[in-house]
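Peer 1: Pasting in a structure now, in structure tokens, and then I'll have a few things to ask.
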Amino acid sequence: MATPSSFEFDGDLIAALRDARFIAVLTGAGISAESGLATFRDAQTGLWARFDPRELATPSAFARNPKLVWDWYAWRREHVAAARPNAGHLALAELEQRVPEFALITQNVDGLHQRAGSRNPIELHGNITRVKCSREGAIVRHWDARPDAVPHCANCGALLRPDVVWFEEMLPEQALAAADDAARRCNVLLVVGTSAEVYPAAALPALAQRSGAIIVEINPNATPLSATADYVLRGAAGVVLPALLAALD
Ligand code: APR
């Protein structure tokens, strides 16, 4: 792995970041890859490669087989709990301290941004560490975890479910509105570790660019965004982000 100091950045990019009053960041599963959490679409390791998303992350899958879906998320919760924020997460928490206005928009449900110290991430797809009543939507802090059954809401008796956005479901309105506002107002948008394929999150970089922001992609691989981004930093988030902060010193 290259050491952060080995990364060279365009002087105009560093100047734009230094001058920015408002920096926004959009992250995807790639920023958690160096924490050992598999991304969704990396063929050799992606979660979906091993599971059929239609079997696990949709309301109909949960209705059809709640135990399978509950157990998969319970397994992922254990993996997330055992993972640690990496240098990329920590660099974003540090960046937040250095700019007048900052917004972190994440598609990730692993909660690693909060654990790294990011104050108020906008969670477009929810958070796997939270569980809610599948009928009332209320967040449930404690439940009776039983190996043979999906826990039920103590209040209304409905099944409990992870507080994440499944395919076919709407994103939380407040989060989407906050992300839209950040994209429209930021001076620079860092797009880190996302394949930029899943909407509406994938629409944010184009909205930001139309609103005058500089778009910076940080990803070891090309994505549909690469052709239009103002800067493409081809590398791992855990290397590039610390190097970018070091270059701002
Ligand atoms: N640093 C930065 N980016 C990385 C790294 C890394 N170390 N490792 C992999 N990546 C990149 C991959 O090249 C890929 O472009 O991270 C991206 C991961 O893409 P996906 O697996 O598609 O994850 P994401 O973009 O977050 O998916 C969006 O799709 O399945 C739904 O709801 C799910 O939130 C998810 C959404």
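Peer 1: Could you work out the pair-distance distribution P(r) of the chain from its alpha-carbon pairs, with 5 angstrom bin width and percents rounded to whole numbers?
Peer 2: For the chain, the binned pair fractions read 1, 6, 13, 18, 19, 16, 11, 8, 5, 3, 1, 0 percent.
Peer 1: Using a 1.4 Å probe on the protein chains only, how many percent of the accessible area of the chain belongs to carbon and sulfur?
Peer 2: Values: 6190 of 11820 Å².
Answer for the chain is 52 percent, counting heavy atoms of protein chains only.
Peer 1: Tell me which residues come under 5 Å, amide H to amide H, from Leu159 once H is placed; ignore anything under 5 positions away on its chain.
Peer 2: Those qualifying (amide H under 5 Å, at least 5 residues apart or on another chain) are Ser134, Cys153.
Peer 1: What does the charge count near Leu207 come to, summing +1 for each Lys or Arg and -1 for each Asp or Glu among other residues with Cβ under 14 Å from its Cβ? Let's see the in-between values first.
Peer 2: Numbers: positive: Arg184, Arg185, Arg210; negative: Asp180, Asp181.
Within the 14 Å Cβ shell, the charges total +1.
Peer 1: Now for a separate question. In degrees between 0 and 90, to the nearest 10, how far off the longest principal axis of the chain does helix 87-98 point, with axes built from Cα atoms?
Peer 2: Rounded to the nearest ten degrees, it is 60.
Peer 1: For the chain, with every protein chain kept in place, what is the accessible area per residue (1.4 Å probe, Å²)? Let's see the in-between values first.
Peer 2: Values: 11820 Å² over 249 residues.
Result: 47 Å² per residue.
Peer 1: Same structure, new question: Sticking with the crude label model, points 7 Å out along Cα→Cβ, report the distance from Asn120 to Asp52 in nm, one decimal please.
Peer 2: The two pseudo-label positions are separated by 4.3 nm.
Peer 1: Among His79, His142, His152, determine the one that fluctuates most according to a GNM of the chain built with springs between C-alpha atoms less than 10 Å apart.
Peer 2: His142
Peer 1: Right, another one. Taking R0 as 25 Å, what's the FRET efficiency between Glu136 and Gln174 from their Cβ-Cβ distance, rounded to 0.05?
Peer 2: Values: r = 18 Å, r/R0 = 0.71.
With a Förster radius of 25 Å, E is 0.90.
Peer 1: Over segment 6-137, what is the relative contact order in whole percent, taking alpha-carbon pairs under 8 Å and six or more residues apart?
Peer 2: Numbers: 153 pairs, mean separation 34.5, N = 132.
It rounds to 26 percent for segment 6-137.
Peer 1: Below 8 Å between Cα atoms, with a sequence gap of 6+, how large is the relative contact order for segment 80-191 in percent? Could you put the intermediate results ahead of the total?
Peer 2: Numbers: 143 pairs, mean separation 23.6, N = 112.
So the answer I get is 21 percent.
Peer 1: I need the calculated FRET efficiency for the pair Phe167 and Leu68, taking r as the beta carbon distance and R₀ as 22 Å, to the nearest 0.05.
Peer 2: Values: r = 16 Å, r/R0 = 0.71.
Computed FRET efficiency for Phe167 and Leu68 comes out at 0.90.
Peer 1: Once you list every other residue whose beta carbon is under 14 Å from the beta carbon of Arg234, what net charge do they have if Lys and Arg are +1 and Asp and Glu are -1? Walk me through the intermediate numbers first.
Peer 2: Details: positive: none; negative: Glu8, Asp10, Glu217.
With Lys, Arg at +1 and Asp, Glu at -1, the net is -3.
Peer 1: A follow-up question, please. So what's the net charge close to Ile14: Lys and Arg +1, Asp and Glu -1, counting the other residues with Cβ under 12 Å from its Cβ?
Peer 2: On the way: positive: Arg18; negative: Glu8, Asp10, Asp12, Asp19, Asp249.
Surrounding charge for Ile14 is -4.
Peer 1: With an 8 Å Cα cut-off and a minimum separation of 6 or more residues, compute the relative contact order for the chain in percent. Before the final figure, lay out the partial values.
Peer 2: Details: 442 pairs, mean separation 62.4, N = 249.
That works out to 25 percent.
Peer 1: Right, something else. Per DSSP H run of at least 4 residues, take -39500 (n - 2.57); add these up for the chain, divide by its residues and hand me the 222 nm value, nearest 500 deg cm²/dmol. Present the calculation step by step, with values, prior to reporting the outcome.
Peer 2: Details: 10 runs with 89 residues, N = 249.
So the helix-based figure for the chain works out to -10000 deg cm²/dmol.
Peer 1: Measure nothing but the geometry: give the 0 to 90° angle between the long axis through the Cα atoms of 237-248 and the longest principal axis through the Cα atoms of the chain, rounded to 10°.
Peer 2: That works out to roughly 40 degrees.
The values are calculated or read from the model by the stated rules, or taken from the named source; none is laboratory data. Keep in mind that this is a model prediction, so the values were computed, not measured. FYI the Cβ positions are ideal-geometry reconstructions off the backbone, even for glycines, and counts take in every protein chain you see. SASA here: full protein model, heavy atoms, side chains in, ligands and nucleic acids out. Shrake-Rupley method; radii C 1.70, N 1.55, O 1.52, S 1.80 Å.
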